[in-house]
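Accompanying notes for the structure given below.
The values are calculated or read from the model by the stated rules, or taken from the named source; none is laboratory data. Please read these numbers as outputs of a predicted model, since none were measured by experiment. Cβ placement follows ideal geometry from the backbone for every residue including glycine, while neighbour counts extend to all protein chains displayed. Each accessible area value is taken on the protein alone, full model and side chains, heavy atoms only, with ligands, DNA and RNA left out. Shrake-Rupley method; radii C 1.70, N 1.55, O 1.52, S 1.80 Å.
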Amino acid sequence: MHGPGAVGDHLDEGLKIMTKYEADLAKIEAERQELTSAEKLLELPVSVFPGASRIQSDMKGLRQIYDIYKAQKNAKSKWSQTLWVDLDLQLLQDGIDDFLKRFRKLPKDVRALPVAFFLEGCLKEFRESLPLLLDLKNEALRDRHWKELMDRTGTSFEMNSENFTLENMFAMELHKYANVIGDIVTSAVKELSIEKGVTAVAETWDNMRFGVQTYFKGSQEHGVILGAVDEILLNVDSDVMNLQSMAGSRFVGPFLDTIQRWEKDLSLICETIEVWLVVQRKWMYLENIFIGGDIRLQLPEEAKKFENIDKKFKEIMHDTVKGPKIKQCCLAPSRLTDLQTLSDGLERCQKSLNDYLDPKRNAFPRFFLISDDELLSILGSSDPACVQEHMIKMYDNIVSLRFDVESGGETVVAAMVSAEGEMMEFRSSVPVVGRVEEWMMAVLEEMRRTNRLITKEAIFHYCEDRSRVEWMLLYQGMVVLAANQVWWTWEVQDVFKKLKKGEKHALKNYAEKMHRQIDELVTRITQPLRRNDRRKINTVLIIDVHARDIVDSFVENSIMDPEAFEWESQLRFYWLRKHDDLFVHQCSASFSYGYEYMGLNGRLVITPLTDRIYLTLTQALSMYLGGAPAGPAGTGKTESTKDLAKALGLLCVVTNCGEGMDYMAVGKIFSGLAQCGAWGCFDEFNRIDASVLSVISSQMQTIRNALILHCKRFQFEGQEISLDDRMGIFITMNPGYAGRTELPESVKALFRPVVVIVPDLQQICEIMLFSEGFLMAKVLAKKMTVLYKLAREQLSKQSHYDFGLRALKSVLMMAGELKRGSPDLEEDVVLMRALRDMNLPKFVFDDVPLFLGLISDLFPGLDCPRVRYPNFNDAVEQILEDNKYVVVPNQVDKVVQMYETMMTRHTTMVVGPTGGGKSVVISTLCQAQTKTGLQTKLYPLNPKAMSVTELYGVLDPDTRDWTDGILSNIFRDINKPTDKKERSGSRGSWCLSPAV
């Protein structure tokens, strides 16, 4: 059979023969009609041709099918003329859907025909090919993808947007290659994302620029430097990771070379920036030293080398300013090599500088306590007086040396002057000749030699031809303390000998003698005295009261044996004839006295807690361990450590630890301490990072091993250094506070812990009042501590309230000043006034009547009006009027309160709501002081507007150079001594930090 219904999927052939078959069928039908008419005419039975009827029905169905096919074919022919770029897929979709609808509307028996099946298949194939057309229309397809498509489909066409029509697409019979097209399009899409990623990287780095800023040192311009590059380095890291991710894709093929080139370029940019920053940091540090400094005379070759480096670095920075694009700057020919050469050159300059400074520090270890810049300023100056401003850092409480010119014109160091103005005249003047480190070492040795000789003389002449008080006025404060304690130790030992011989009342008699001695001192302190003599007697009283309490406890507990623990556990001072030197014993520990001159820097009240701390620390030192006092803030951890150092005549260097400290910074401090023979007290040690602490523990262990072996020199951090066996390392901690780390076991093993709790405030008050000349000290101390206890319990809880040791001490100091200023006033009135005037300023409005009520209960019937400072009050009112403020008595009083507070406090916090007048009070006080002759300068500062490093400063990890922050810079400027008049306190400088 070869009819139109039996052509299979050759519908075009069926369409051709359909007309012929229809004509043949029409002819047969005509013949049938003619036959039927003849039969009717001859009245014969009409013949029936069932086959012909069926054929007619089939042919009718076929016609409907072929009509749809023909219409679809014509539409497809029309569509095929559409340009590929003008493809409207929706039109094709609507057209084919319309043909399918027409097909589905055909009678069921027609749709059952074989040709209908093939037509439906043809229509569906076309419809299925439409999504493939959409895929091929994807913007991701490039020429390479079309070429691959032609290769895999076996077709060939010219991919030209002007004459490329859908005919080429229809010719490919896309439905046969759905998988091929899917693979190609998927690859194209993935490749497009990679292409876009690579393009984005290229665009980023073609446009990214360095931020360049002017470099100032002080107010002077020193060239230009790169600004912050953190964001640039983040971009490098981010883009490198993206490129690595792209390179790992299986679709990377066409872009592999580009990606690898960019990876190489970015790696080079990153390395160049890192080297650049290292060079910049080293240059910034060394530029300040080598350019225009005295170092040029001391290291001429290095200065010349640095000049060449400086010139080359400035050329690079000049090129960067002209063309700041990062890619251009970093990928410039030999840029990385040039920077590495500069880095090596700067490293050699740094090494030469260290090689120059380290021998100076090793020759005079106290140079470890000042910065490189400060040391260079000393070494570079021919004026010996240049050491003066750094004395306070190298010695405890010593502000200057006294230089004299001898008859031969030779400059000598004749004496040391303490911060209070007390002077220790050297027995042998030290000639200022040769290198500064040599004569400074000679000064240090002479200080110890002179101190030892004076101490020996003071002990020898103790109460020889004059009263004890008169004897005290002949010598320096620390000499008097040491000699006193030597004699007290001898007298107690002598009492024990007398007891052994049978003198039963020897101890009691000695206790009475001690009471008389203290009464003499208290009587003398109330009489007119020079300021420093008063301080001296004040300090002796504090120590004497403790000595009296020990003797009283011996009487009370019947201690009669010199080997009893109660006596052995005390700090006992002996001048041993065998060694002709002063030694301090406590239990099994023995220390030679340090003879470090410290002036009149005071001593702590010794409580049972202080005794326990002393005992723990001295026993730790005897086992070559450190001490670790731990406890809440304001309990005396650091002060007790410093006080023990004072008792032993040793320098104690306090370092406040923070998160920024690394093992190199701590190692440098240890190196200085080991060579100085000084104590190091590391405050809040547990704020240092745990990883750093583990390295620090090995440094401490190295020092401890050297101490155990009694080495004079030992290897530390790659250098051989000397070791003074008097050194000690102590750490203090506030456990449980935020930002504190748990100490590693390796660190804990090197320290003896001692728990520090809140001390006996009543005892401290009593002894301090006693030392200030208050005869009713016991009663007043009780009232004072009860007042603070009640205030802590009954007043509102404010974050700025403080009723601890620090607040107590400032009131006691104020009370002493008031007593000396008004000797005729009753003692309870003086203390009541000090308590009221020192505490009222800090109370919120609601707490004032409560506190006044507590004071009136403890001091009944006493009323002392507020003191008016006539000149000062008038100046305050005048300043307020001049500044167009309304003069409110309350505000004037606030200014006076702040004035009084600042007499006894180093730092003051002004608390109050916005618009409450805080800044006005501070500014008015500043102007009023200036008006009354006390020049006062104000440095306003907003700490919220800057980072922690900007505020406090930062230690450079490469150069180990400390850069001051804004606050530390202001503090350094405020504390810089100018002339003698200003140093004596006629000038005030304040740093104002609102809303810390």
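Here is how the numbers come out for the structure above:
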| quantity | calculated |
| --- | --- |
| Count of the stretch 449-480 residues which are over 22 Å from ILE525 (Cα atoms) and either of a type in the set (A, V, I, L, M, F, W, C) or open to solvent by less than 10 Å² (accessible area, probe 1.4 Å) (or both) | 7 |
| Some residue of the stretch 707-725 being more than 31 Å from the chain's Cα centre (by Cα) and at positive phi | yes |
| Lone unmet requirement of (1) assigned to a strand (DSSP E or B); (2) among the aliphatic types (A, V, I, L, M); (3) touching a Ser or Thr at 6+ places or on another chain (Cβ under 9 Å) for LEU401 | (3) |
| Pairs, first touching a residue at least 24 places away in the same chain (Cβ under 8 Å) and open to solvent by less than 50 Å² (accessible area, probe 1.4 Å) in the stretch 556-568, second of a type in the set (A, V, I, L, M, F, W, C) and part of a loop (DSSP other than H, G, I, E, B), C-beta under 9 Å, six or more apart | TRP567/ILE559 |
| Scope the stretch 631-669; condition open to solvent by less than 10 Å² (accessible area, probe 1.4 Å) and assigned to a helix (DSSP H, G or I); matching residues | SER640, THR641, ASP643, LEU644, ALA645, ALA647, VAL666, GLY667 |
| Top-ranked residue in the stretch 392-434 [being in contact (Cβ under 8 Å) with a residue 40 or more places away in the chain and at positive phi; ranked as least open to solvent (accessible area, probe 1.4 Å)] | ASN397 |
| Index of the failed condition, SER694 passing every other in (1) in a helix (DSSP H, G or I); (2) open to solvent by less than 10 Å² (accessible area, probe 1.4 Å); (3) touching a Pro at 6+ places or on another chain (Cβ under 9 Å) | (2) |
| Residue in the stretch 382-389 that is surrounded by fewer than 18 Cβ atoms within 10 Å (Cβ to Cβ), not basic (Lys, Arg) and not in a helix (DSSP H, G or I) present | yes |
| Qualifying positions in the stretch 319-336 - under 34 Å from the mean Cα position of the chain (by Cα) and open to solvent by less than 30 Å² (accessible area, probe 1.4 Å) | THR320, PRO324, ILE326, CYS329, CYS330, ARG335, LEU336 |
| Criterion: hydrophobic (A, V, I, L, M, F, W, C), at pLDDT 75 or above, over 29 Å from VAL279 (Cβ atoms) and open to solvent by 30 Å² or more (accessible area, probe 1.4 Å) - qualifying residue of ALA228, ALA178, ALA200 | ALA200 |
| In the stretch 256-313, the residues that are touching a residue at least 12 places away in the same chain (Cβ under 8 Å), among the basic types (Lys, Arg), open to solvent by 60 Å² or more (accessible area, probe 1.4 Å) and within 29 Å of LYS325 (Cα to Cα) | ARG281, LYS312 |
| Residue identified as open to solvent by 60 Å² or more (accessible area, probe 1.4 Å), under 30 Å from GLN527 (Cα atoms), β-branched (Val, Ile, Thr) and assigned to a helix (DSSP H, G or I) among VAL811, VAL779 | VAL779 |
| Residue within the stretch 576-592 that is outside any strand (DSSP E or B) and touching a strand residue (DSSP E or B) at 6+ places or on another chain (Cβ under 6 Å) present | no |
| The stretch 827-865: number of residues that are under 22 Å from LEU775 (Cα atoms), of a type in the set (D, E, K, R), at pLDDT 85 or above and open to solvent by 40 Å² or more (accessible area, probe 1.4 Å) | 1 |
